[in-house]
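Participant: For reference, the structure I am asking about is given below.
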Amino acid sequence: MYRVVLTVNGVHRELEVEPRDLLVHVLREHLSLTGTNVGCDTSSCGACTVLLDGQSVKSCTILGVQADGATIITIEGLAADGELHPVQQAFHDHHALQCGYCTPGMVMAAVSLIGNGEATDRAAIRAGLEGNLCRCTGYHNIVEAIAEVAGSTS
Amino acid sequence: MSATETWGIGAPLKRKEDGPLLRGRGTYVDNLDLPGTVVMVVVRSPYAHATITSIDTVAAKAAEGVVAVFTGPDLRDDWKAAMPCAWPVTEDMKSPEHFPLAVSQVNYQGDGVAVVIADTRAHAVDAAELVDVEYEVLDAVVDVAAAAQDGGTLVHEELGTNVSYVWPLESGTFDEDADVIVKHTYVQPPLIPNAIEPRGVVARPEPGGEVTLWSATQVPHILRVLTAATLGMSEAKLRVIAPDVGGGFGSKCDVYAEELLAVAIARRLGTPVKWIEERSENALATIHGRDFVTTLELAATGDGKITSLRANVIASMGAYLQLVTPGIPLLGAWIYAGPYAIPNYSVMFTGVFTNTTPTDAYRGAGRPEATYVLERTMDLLAKELGMDRLELRRRNFITEFPATIASGLTIDSGDYHASLDRLLEHLGLEQLEAEQQARRDRGDVKQIGVGFSTYTEMCGLAPSRILGAIRYAAGGWETATIRCLPTGTFQVVTGTSPHGQGHETAWSQIVADQLGCDPSEVEVLHGDTSISPYGLDTYGSRSLPVGGAALWSAGEKIIEKAREIVAHQLEVSADDLEYEAGTFTVKGSPDKEMTVKGAAWAAFTAHNLPDGMEPNLEATATYDPPNFSWPGGAHAAVVEVDTGTGDARLIRYVAIDDVGTVVNPLIVDGQVHGGITQGIATALYEEALYDEDGNLANGTMAMYLVPSAAELPSYELDRTESKATDHPFGAKGVGETGTIAAAPAVINAVIDALSHLGVTDIQMPATPERVWRAIEEAQQ
């Protein structure tokens with residue numbers, strides 16, 4: 001077991017993890033943060049996307065021990081003081097979720113995309129979402145939601 | 001605008017379901033962490049066809065954390081019946097005995113042979129590696145058409161054939177002497193549904209011998225009945241809960257081995273058992289869709305009137321018959337003529353076994369397969385006739401409703417010309433054709449094409465009598481209960497089981513519209529057999545056409561009883577009351593009024609009810625639909641094809657759908673978006689690839705191309721509306737329309753883009769390699 005120190009959703013955490021534990025397992029099983037979902041085993045679907053030191057990462061692609069010292073925000077930590085984050089609100093307003101399983105990862109990827117100034121237009125949003133799969137929405141309304149928050153005009 | 005227009009039927013109400021899902025508070029099965037839970041991992045066959053010669057579990061049982069290991073023979077006596085197939089489509093249909101773990105032979109790659117139960121998932125996975133299974137490998141049957149031939153390898157030796165059934169439907173005689181006959185054979189490969197949430201199960205034994213089963217399922221009610229039957233336990237002792245379910249698309253409309261195993265083992269061990277499917281496991285062990293080889297013939301007069309249709313379908317069942325596997329082809333059997341009036345009609349289905357993952361319902365289930373071959377052949381026929389492809393469609397559209405079609409069913413309503421007219425208003429076909437010609441003239445490496453699909457389909461499953469006539473084991477009704485609570489809120493219990501379709505929102509709108517309340521005052525309960533003892537769940541675009549109608553009927557009963565209460569309280573005749581949007585008024589005395597909520601309070605206190613009336617205002621209705629639901633419409637795809645690389649990209653997609661009355665346009669558009677996307681994926685990207693030994697070659701999301709946002713355009717949607725006359729408020733199903741319409745539109749567009757090069761056919765999915773080869777072959 002290895003000792004790992006993380007700041008997760010603003011809370012200081014010290015954990016004993018196995019070397020083989022993926023970050024997503026640390027979040028889900030050690031910290032009971034089950035909002036981050038697992039949808040595949042090849043880092044293809046993006047359902048497990050979280051923010052690590054401000055950037056979106058698929059939490060199945062790194063080991064818990066590799067995240068030692070990092071600041072992590074999961075879907076549970078996005079709504080400040082109970083108010084939905086603008087991206088969450090836009091997903092609600094545009095009906096950008098159906099079954100909701102890809103949604104936490106999709107929202108975190110969108111937050112990162114917008115934060116990095118990469119959501120310049122719909123084509124850029126689509127390219128930026130390439131690593132996040134949704135089977136319900138056909139992405140149409142997800143793109144609309146992100147475009148609204150990013151102020152994309154085309 | 002009246003109050004109900006802002007949030008009743010027809011309003012774009014934002015979904016009630018969204019809050020918890022957006023905040024990461026979904027209740028998906030994998031999030032359930034019950035005390036004492038042990039984890040189940042399934043040991044699966046690496047071979048598609050093999051005899052099990054021995055299984056050694058000694059090392060696995062001794063591994064760290066392992067609680068138990070069970071093989072097929074170990075559990076054989078736990079099963080009081082084989083795994084269920086609810087649709088024996090013919091009297092002599094052949095079906096192999098199928099148990100949750102193989103007993104002596106494996107018949108597809110992924111067939112379960114043992115389970116390991118351990119304290120943690122990691123320990124269970126590690127120990128599963130130690131289960132030593134010896135196999136004697138047999139030749140595998142993979143090709144659908146070859147499987148149907150006599151004399152080849154048999155999947156199930158004991159059946160003496162690979163043919164499960166032959167099912168014909170014939171009306172009239174094919175006109176062999178017609179002016180024009182076109183005939184073409186189409187391959188529709190197997191597809192992996194890929195709901196983003198894999199399947200998952202938790203079974204908890206309760207102190208009194210009951211079991212609670214949480215499952216990522218579309219069908220908690222059906223699952224309860226059939227799990228109880230398979231295990232020989234009382235249905236009343238089994239509670240099935242479908243919590244938040246992360247998509248289904250038909251793949252979770254089944255009774256799976258792991259559900260039965262979890263219940264059986266939880267009962268044996270007396271502790272909760274959890275199984276969560278891995279994605280690569282999902283590709284093997286969750287049903288596939290499609291896998292049809294179809295030959296379609298159309299006969300027509302020289303001026304384009306189609307006189308006859310004949311379809312010969314060979315459909316893969318996969319290795320076993322799952323819940324409704326043999327019935328999937330039949331769900332398309334009545335609509336091979338689509339929206340066209342074709343008097344002579346004959347279709348024949350041959351269901352065959354192969355050493356591949358069992359097939360079953362995948363979005364559209366039988367109807368995309370029918371619509372694809374029809375709409376492809378319509379383009380071929382137009383070409384043969386030298387007629388405009390849309391003119392050919394228009395010349396054959398059914399125009400008078402109700403329309404009894406040659407296959408024997410009756411389409412209650414539709415207006416296919418209106419949908420096509422609307423499509424052309426949006427499309428700008430002339431400009432597209434001008435652009436196409438310009439690119440052809442200058443020999444542009446990137447060519448564009450426009451493809452069409454006009455369709456109708458039968459959904460809203462289904463009238464019980466018809467289901468009985470075609471040998472389906474259950475009915476097609478749905479139930480709903482409305483409880484008018486004393487404080488003026490409403491509790492709805494529905495037998496439908498949503499997994500993304502927004503029933504909580506839409507059902508609230510229906511009640512709000514009918515009983516005059518705010519949707520926020522309606523609580524919708526679903527997906528738990530202890531609160532909704534009856535129900536037939538969600539599949540086949542049935543929830544609104546059947547479940548919504550049941551809810552409406554329950555509302556009518558509420559209004560009827562409330563009317564008696566109000567008449568009594570206001571001391572007037574019930575006939576003198578007028579009702580609108582939750583309020584009763586007295587004719588001629590507009591100041592005298594009372595609401596449904598007021599009646600609910602009066603019914604609760606029961607101080608002053610009519611003689612003999614039971615207290616409380618609550619109603620349950622069970623609705624058996626008089627007909628299927630018949631949505632329709634017209635879709636167009638615009639593709640750009642790189643003739644150098646063969647890469648086909650969708651650049652526009654315009655969809656006009658007629659789904660009758662729309663309860664919530666946000667939700668309806670969302671269903672269409674998602675449906676279209678799965679149809680596009682079928683046309684361009686997706687195919688489960690098996691090698692000749694039956695190994696699934698692309699069973700991961702890294703290899704199987706579920707399209708991302710980057711591959712797709714935004715969509716252009718509009719609607720026409722012809723209300724369903726066989727539905728209390730005119731609604732039709734919408735869950736599968738997009739998938740049914742999209743694939744032929746896209747392939748027709750790809751062929752249109754390349755028609756000047758001589759390309760007339762491309763097999764789905766139109767991968768760059770297939771497109772490139774089609775161009776090369778046409779050029780030779």
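Participant: Report the antiparallel proportion of the DSSP beta bridges in chain B as a percent, rounded to a multiple of 5.
Facilitator: 80 percent
Participant: Suppose we keep just the alpha-carbon trace of the range B:354-484; what are its Rg and Dmax in angstrom?
Facilitator: Using the Cα atoms of the range B:354-484, the pair Rg, Dmax is 20.6, 70 Å.
Participant: Return the inverse of the average 1/r over all pairs of distinct C-alpha atoms in the range B:644-780, which is the Kirkwood hydrodynamic radius, in Å to one decimal.
Facilitator: Numbers: mean 1/r = 0.0597 Å⁻¹.
After inverting the mean inverse Cα-Cα distance, the result is 16.8 Å.
Participant: What is the ratio of the Cα radius of gyration of chain A to 2.2 N^0.38 Å, where N is its residue count, to two decimals?
Facilitator: Compared with the compact-globule rule of thumb, chain A sits at 1.02.
Participant: For the range B:46-176, what is the largest minus smallest coordinate of the Cα atoms on each principal axis, given in angstrom and ordered from greatest to least?
Facilitator: 71, 29, 24
Participant: At q = 0.16 Å⁻¹, what log₁₀ I(q)/I(0) does a Debye calculation on the Cα points of the range B:203-287 give, no solvent, two decimals?
Facilitator: For the range B:203-287, the Cα-only Debye profile gives -0.58.
Participant: Quick one: 3J(HN,Hα) in Hz for the range B:56-73, Karplus 6.51/-1.76/1.60 with θ = phi - 60°, rounded, Gly and Pro as x.
Facilitator: Karplus-based 3J(HN,Hα) across the range B:56-73 equals 10, 10, 4, 5, 5, 5, 8, 6, 4, x, 7, 9, 6, 10, 10, 10, x, x Hz.
Participant: Please grab the % of Cα pairs in the range B:143-292 that end up more than 20 Å from each other.
Facilitator: When all Cα pairs of the range B:143-292 are counted, 63 percent exceed 20 Å.
Participant: Which net charge results for the neighbourhood of B:Gly588, defined as the other residues with beta-carbon distances under 12 angstrom from its beta-carbon, given Lys and Arg at +1 and Asp and Glu at -1?
Facilitator: -1
Participant: Let me ask you something else. So, in Å, what gap is there between the alpha-carbon centers of the range B:674-689 and the range B:86-160?
Facilitator: Centre-to-centre (Cα) distance: 27 Å.
Participant: Give me the distance between the Cα centres of the range A:90-154 and the range A:1-23, rounded to whole Å.
Facilitator: Each part's Cα centre sits 29 Å from the other's.
Participant: What is the sum of charges, Lys and Arg at +1 and Asp and Glu at -1, for the other residues whose Cβ falls under 14 Å from the Cβ of B:Met703?
Facilitator: Within the 14 Å Cβ shell, the charges total -3.
Participant: Sequence-distant or interchain residues sharing an amide H contact under 5 Å with B:Arg652, placed H: which?
Facilitator: B:Val638
Participant: From the Cα trace of the range A:2-75, what convex hull volume per residue do you get, rounded to a whole Å³? Before the final figure, lay out each step's value.
Facilitator: On the way: hull volume 5.4 nm³, N = 74.
About 73 Å³ per residue, rounded to a whole number.
Participant: Continuing with the same structure: Residue by residue through the range B:323-329, which ³J(HN,Hα) values in whole Hz follow from phi under the Karplus form 6.51 cos²θ - 1.76 cosθ + 1.60 (θ = phi - 60°), with glycine and proline marked x?
Facilitator: 3, 10, 3, x, x, 4, x
Participant: Can I ask one more? Output ³J(HN,Hα) for the range B:112-122: one whole-Hz value per residue in order, computed from phi by the Karplus curve 6.51 cos²θ - 1.76 cosθ + 1.60 with θ = phi - 60°, and x for Gly and Pro.
Facilitator: With coefficients 6.51, -1.76 and 1.60, one gets x, 10, 7, 10, 10, 10, 9, 6, 10, 4, 4 Hz.
Participant: By its C-alpha gyration tensor, with a ≥ b ≥ c as the square roots of the eigenvalues, how is chain B shaped: rounded for a/c under 1.5, else prolate for a/b larger than b/c, else oblate? Don't jump to the answer; show the numbers that get you there.
Facilitator: On the way: a/c = 1.83, a/b = 1.08, b/c = 1.69.
It is oblate, given that a/c is not under 1.5 and a/b is not larger than b/c.
Participant: Helix-derived [θ] at 222 nm for the protein assembly as shown: sum -39500 (n - 2.57) over DSSP H runs of at least 4, divide by residue count, nearest 500?
Facilitator: -8000 deg cm²/dmol
Participant: Please list, ordered by chain and number, the residues whose modelled amide H lies under 5 Å from the amide H of B:Thr661; skip anything fewer than 5 residues away on the same chain.
Facilitator: Correct list: B:Ala724, B:Ala731, B:Lys732.
Participant: Sticking with this structure for a sec: Could you give me the percent of Cα pairs per 10 Å distance bin for the range B:645-709, shortest bin first, beginning at zero and ending with the bin that holds the maximum distance?
Facilitator: That works out to 16, 37, 27, 15, 4, in percent per bin.
Participant: Using alpha carbon coordinates only, what is the Rg to Rh ratio of the range B:392-445, with Rh defined as the Kirkwood radius?
Facilitator: On the way: Rg = 17.5 Å, Rh = 14.0 Å.
Radius of gyration over Kirkwood radius for the range B:392-445 works out to 1.25.
Participant: Now for a separate question. Can you list residues whose amide H is under 5 Å from B:Cys253's amide H, if they're 5+ apart or on another chain and H is modeled 1.01 Å from N?
Facilitator: B:Gln218
Participant: A follow-up question, please. Starting from the Cα of B:Lys446, draw a straight line to each of the lysines and keep only those under 29 Å, dropping any in the same chain fewer than 8 residues away.
Facilitator: Output for B:Lys446: B:Lys383.
Participant: Also, quick follow-up: With Cβ to Cβ distances under 13 Å as the rule, what net charge do the other residues near B:Glu692 carry (K, R +1; D, E -1)?
Facilitator: Details: positive: none; negative: B:Asp139, B:Asp143, B:Asp691, B:Asp693.
Within the 13 Å Cβ shell, the charges total -4.
Participant: Now for a different question. Let's test this: bin the Cα-Cα distances of the protein assembly as shown at 20 Å from zero up to the farthest pair and state each bin's percent.
Facilitator: Binned Cα distances yield the sequence 14, 46, 34, 6, 0.
Participant: For peptide A:90-97, what's the mean number of Cβ atoms from other chains within 10 Å of each residue's Cβ?
Facilitator: Averaged over the peptide's residues, the number is 5.
Participant: Which pairs in the list B:Lys561/B:Lys597; B:Lys61/B:Lys252; B:Lys561/B:Lys587; B:Lys557/B:Lys597; B:Lys16/B:Lys274; B:Lys94/B:Lys183 are over 21 Å apart, alpha-carbon to alpha-carbon? Mind dumping the intermediate values first?
Facilitator: Working: B:Lys561/B:Lys597 12 Å; B:Lys61/B:Lys252 32 Å; B:Lys561/B:Lys587 19 Å; B:Lys557/B:Lys597 14 Å; B:Lys16/B:Lys274 30 Å; B:Lys94/B:Lys183 30 Å.
Listed pairs above 21 Å: B:Lys61/B:Lys252; B:Lys16/B:Lys274; B:Lys94/B:Lys183.
Participant: Mind listing the Cα extents of the range A:83-150 along all three principal axes, in Å, largest one first?
Facilitator: The principal-axis extents, from largest down, are 28, 27, 16 Å.
None of the figures in this text is laboratory data; all of them are computed from the coordinates on show. Keep in mind the model is a prediction, meaning the values are calculated, not measured. Methodologically, a virtual Cβ is constructed for each residue, glycine included, from the backbone with ideal geometry; neighbour enumeration extends over all protein chains shown.
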